[in-house]
1. Out of segment 206-222, which residues are touching a helix residue (DSSP H, G or I) at 6+ places or on another chain (Cβ under 9 Å) and under 21 Å from residue 277 (Cα atoms)?
2. Pairs only if they're at least six apart or on different chains, beta carbon under 7 angstrom, first in segment 194-223 and at pLDDT 95 or above, second among the hydroxyl-bearing types (Ser, Thr, Tyr) and in a helix (DSSP H, G or I); list them, first residue then second.
3. How many residues does segment 298-339 hold that are acidic (Asp, Glu) and over 14 Å from residue 172 (Cβ atoms)?
4. Residues to consider are 271, 290; find the one that is within 23 Å of residue 224 (Cα to Cα) and touching a residue at least 24 places away in the same chain (Cβ under 8 Å).
5. Of all residues in segment 182-193, count the ones that are closer than 17 Å to residue 212 by Cβ and either modelled with pLDDT under 70 or among the β-branched types (Val, Ile, Thr) (or both).
6. What residue, of 148, 169, is crowded, with 20+ Cβ neighbours inside 10 Å and at pLDDT 95 or above?
7. Output the strands (runs of 3 or more DSSP E) that fall wholly within segment 263-364 and possess 3 or more residues being at pLDDT below 95, or say none.
8. Which one of these is surrounded by 11 or more Cβ atoms within 10 Å (Cβ to Cβ), assigned to a loop (DSSP other than H, G, I, E, B), at pLDDT 75 or above and not basic (Lys, Arg): 43, 21?
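The values are calculated or read from the model by the stated rules, or taken from the named source; none is laboratory data. Because the structure is predicted, anything quoted here is derived from the model rather than measured. We place every Cβ from the backbone using ideal geometry, glycine too, and count neighbours over all the protein chains shown.
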Amino acid sequence: MPSRQPLSEDADQLLHVFDLPQLYSKPSAAALLSALTLATSQPPSWDVSDAEDSRPGSGTSTPSSLHAQRRILRKKPVQRVDPEGLTAYLTRIIGSDLQWLPTEEQKEEVWETASLRLSERSGRTGMGAMSRSLYIPVSEDDEVEIVLHEPALTSDNLGFKTWVSSYLLAKRLHTLELPALSRKNNLAMRVLELGSGTGLVGMAAAAVFGASVTLTDLPDIQGNLKRNVDANSDVIMRSGGTAYSGVLDWRNPDVITLSEGLHELEKFPVILAADSLYSDEHPQLLVQTIDTWLAKDANARLAVELPLRDEYAAKLHQGFRETMSTAGLYILEQDKETGYDDWDSGDGDSLQQVQCWWSVWGWK
């Protein structure tokens with residue numbers, strides 16, 4: 001294995017709003033657009049989590065794995081704008097007639113970009129569509145890049161966002177003991193993901209295990225899920241895996257409709273799920289879907305990661321555990337870890353700490 005390298009201590013370069021082109025100087029459209037690019041607000045959770053390698057029971061994180069060190073080393077200092085005074089700067093641009101710019105097209109582009117930057121300051125729900133590039137370890141010293149498209153969010157369509165529990169589970173996959181996915185046996189390496197959302201966990205499994213993964217969610221999520229699967233098909237194929245997207249409604253768990261038109265599916269030796277509980281009925285619905293599709297085999301496994309954000313989430317977590325036990329499944333390994341989400345942060349500086357619980361289950 002290559003020798004470990006020291007971690008970089010470089011920090012982002014923080015610009016004051018007065019360092020940006022001021023309107024009284026009648027800057028060009030190119031200068032304004034360049035400044036507005038520097039003011040882009042991106043969710044910060046993944047940069048922090050990329051440097052984490054949670055240890056069982058510790059609740060803390062250290063960049064101990066080689067891939068984590070590489071991510072830190074690869075991250076170069078970037079120029080960012082101090083949030084203080086930035087909202088007023090953006091508002092002035094939007095309110096200006098920009099009469100010195102030579103064309104209406106240039107004015108419209110500057111106004112539109114400034115409006116987008118201002119919406120980003122309203123939190124993740126205020127942002128438009130965005131993309132994330134996430135680096136997922138496939139071994140101690142190798143990783144793959146998965147690119148996810150996230151449409152603009154609404155509070156009633158949470159499947160368009162990549163949640164931190166999905167990221168943590170995706171990063172953990174290469175460490176889990178899942179005998180049905182061992183490259184040493186001749187079993188069909190088939191995986192089902194439930195509540196896939198943007199598809200991170202399922203696509204990571206395809207890359208990590210070289211498995212054939214079926215990613216499923218509700219019909220209104222399916223379009224973006226398929227888009228992400230298609231966009232990452234080359235990365236998945238290079239790892240020896242395949243990925244298919246489809247619709248699976250937990251209220252009708254017997255039917256999976258794949259976008260590729262395939263409908264007859266056998267039960268799966270491995271099921272994955274992350275951040276899948278949002279209402280009182282979800283534990284029962286999720287478990288009945290697991291019971292429907294998890295192969296009745298001693299090597300069959302379910303890997304799940306759930307956030308424990310508040311008392312309601314803890315209640316759903318407990319209900320899930322009890323329903324799983326009633327269904328005949330038991331915990332083989334489990335632990336808690338801490339990640340960072342960006343649902344409430346839009347200024348690029350604040351993080352929402354979230355404790356998550358991961359577990360691997362098998363049949364009794």
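1. Taking segment 206-222 as the starting set, the residues that turn out to be touching a helix residue (DSSP H, G or I) at 6+ places or on another chain (Cβ under 9 Å) are 206-218, 220-221.
214, 215, 216, 217, 218, 220, 221, listed by residue number.
2. The qualifying pairs are 194/289; 200/166; 200/167; 201/166.
3. 3
4. Working: 290 fails: within 23 Å of residue 224 (Cα to Cα).
Just a single option satisfies the conditions, and that option is 271.
5. So the first thing to find is which residues in segment 182-193 are closer than 17 Å to residue 212 by Cβ, and the list is 182-183, 185-193.
Then drop every residue that is not either modelled with pLDDT under 70 or among the β-branched types (Val, Ile, Thr) (or both), which leaves 182-183, 185-188, 191.
Total satisfying the criteria: 7.
6. Details: 148 fails: at pLDDT 95 or above.
Only one candidate passes the filter, namely 169.
7. Working: elements: 270-274, 301-307, 329-341, 352-363.
The qualifying strands (runs of 3 or more DSSP E) are 329-341, 352-363.
8. 21
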